[in-house]
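The values are calculated or read from the model by the stated rules, or taken from the named source; none is laboratory data. Everything numeric here is computed off the predicted structure, so don't read it as measured data. Please note: Cβ atoms are built from the backbone with ideal geometry, for glycine as well, and neighbour counts cover all protein chains shown. Just so you know, the surface numbers come from the protein's heavy atoms only, side chains and all, with ligands and any DNA or RNA stripped out. Shrake-Rupley method; radii C 1.70, N 1.55, O 1.52, S 1.80 Å.
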Amino acid sequence: MVKNIAVIRGDGIGPEIIKEALKVLDRVAEIFEHKFNYIDVDMGGCAIDKYGDPLPQAELDKCLASDSVLLGAVGGNKWNDVPGHMRPEKGLLRLRAGMGVYSNNRPAKIWPQLADASPLKKEIVDKGIDFIIVRELIGGIYFGEHKTVDGTATDVLVYSEAEIERIGRIGFETAQKRNKKLCSVEKSNVLDSSRLWKNVMHRLASEYPDVELTDMLVDNCAMQIVKNPSQFDVIVTENMFGDILSDEASQITGSIGMIPSSSLGATSCGLYEPIHGSAPDIAGLDVANPIGTILAAAMMLRYSFDMPTEADAIENAVSAFLDSGYRTADILSGDSTKKVGCSRCGDIIASFI
Ligand code: IPM
Ligand code: MG
């Protein structure tokens, strides 16, 4: 198959990790006889420097015309002082909204080889950590009006029933494909938007009788994720809560560097990215962990290109890399003789395909 992939290298470690993901994709193309065309797209700080805009329309158009988008990371201290609507992150938010990818899927799964890298006690890890956070991605407070007037700042949080319903359905459908447990996370003891959220989830529940729906307040959920993560199968939540909880969930699996994510809307054109940021402090040092991005490429093959065998091949290669004892700096514990940099990591994983 021929696929056109829009590639956003972005800022900080973005270009390094993308390079390794493309190395792995090229290997897949070679073995499985596909052709992946890469279309470079500028977004984030690098686009601000080049065009004075974190995502010019022409760059967004390239993404919309592609079969899917693979993104490294955007942002960095260099652009901290630019106005809010011009920040590198705004490019990412505009890309997600422009693509209409409302459903963000972030797995929190512990690789058995990395059980030691989890900061949790062994008895908690041994009970198993394998859940998915389904995060609403293009609504809520990140997309409401933002303003600062006379020393008072306002950010508006809006959710419509329709927006909640479409992400709620994804939550139920995701649970149906797994262990059939859905936990809806909100703050209904305080927020109207959360009370609406909860009502919609319960209305939908009757259409998915095979799924067990529970509710949890977000502050309790933050606690439960470290106290008893094995209770979760699928969590569905709004944009900001999902942003925060997915960072927390990534840490209990060892490293945020290992976690990919997929974002989908009404079409098969998805956005695939690691969940971590641009890590400017380690940019260019060849120490970043590219596995989150490599696994994001695998998700792209699975969910957008209907290439499950190819996706399995990448995931198995990552597993073989870990089995062989190789570690990037962020997941290193103990024996440092198998410590590898970003580029070697990509070479080894590609060779295991
Ligand atoms: C993430 C990031 C982004 C988000 C930022 C960079 C806008 O934190 O993907 O989790 O908040 O969604
Ligand atoms: Mg985040």
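Computed over neighbours whose Cβ is under 13 Å from that of Y38, the net charge equals +3, Lys and Arg +1, Asp and Glu -1.
Average accessible surface for segment 119-252: 48 Å² per residue, computed with a 1.4 Å probe over protein heavy atoms with every protein chain in place. Normalised radius of gyration (Cα atoms, divided by 2.2 N^0.38 Å) for the chain: 0.97.
Across segment 1-90, Cα-Cα pairs more than 17 Å apart make up 50 percent of the total. Taking Cβ atoms as reference points and 15 Å as the exclusive limit, the residues near Y142 contribute a net charge of -2, counting Lys and Arg as +1 and Asp and Glu as -1. Using C-alpha pairs under 8 Å with a sequence gap of at least 6, the mean separation divided by the residue count of segment 119-252 gives a relative contact order of 38 percent. Ligands, DNA and RNA left out, the accessible area of the chain computed with a 1.4 Å probe is 52% carbon and sulfur.
Of L93, L295, the residue with the largest accessible area leads and the full order is L93, L295 (1.4 Å probe). Please work out how much accessible surface L157 shows to a 1.4 Å probe, ignoring ligands, DNA and RNA, in Å² rounded to 10. In the full protein context, L157 sits at about 50 Å². Size check on segment 273-353: the Cα extents along the three principal axes, sorted descending, read 37, 28, 18 Å. Of the whole protein surface, D306 contributes about 120 Å² of accessible area at a 1.4 Å probe radius.
Ordered by solvent-accessible area of protein heavy atoms (1.4 Å probe), largest first, the residues W79, W111 come out as W111, W79.
The relative contact order of segment 195-353 comes to 17 percent, based on Cα pairs under 8 Å that sit 6 or more residues apart. Using the Cβ of G84 as centre and a radius below 15 Å, the other residues enclosed give a net charge of -1, where K and R count +1 and D and E count -1. Accessible surface for segment 266-353, divided over its residues, is 38 Å² per residue with a 1.4 Å probe.
Shape summary: segment 119-252 maps onto an equivalent ellipsoid whose semi-axes, from the alpha-carbon gyration tensor, are 26, 20, 11 Å in decreasing order. In whole Å, how far is the Cα centre of segment 167-218 from that of segment 49-70? If you average the Cα positions of each part, the centres end up 34 Å apart.
Each part gets one Cα centre, and for segment 272-292 versus segment 297-312 those centres are 22 Å apart.
Any lysines with Cα under 16 Å of the K187 Cα? List them, leaving off those in the same chain fewer than 8 positions away. Output for K187: K198.
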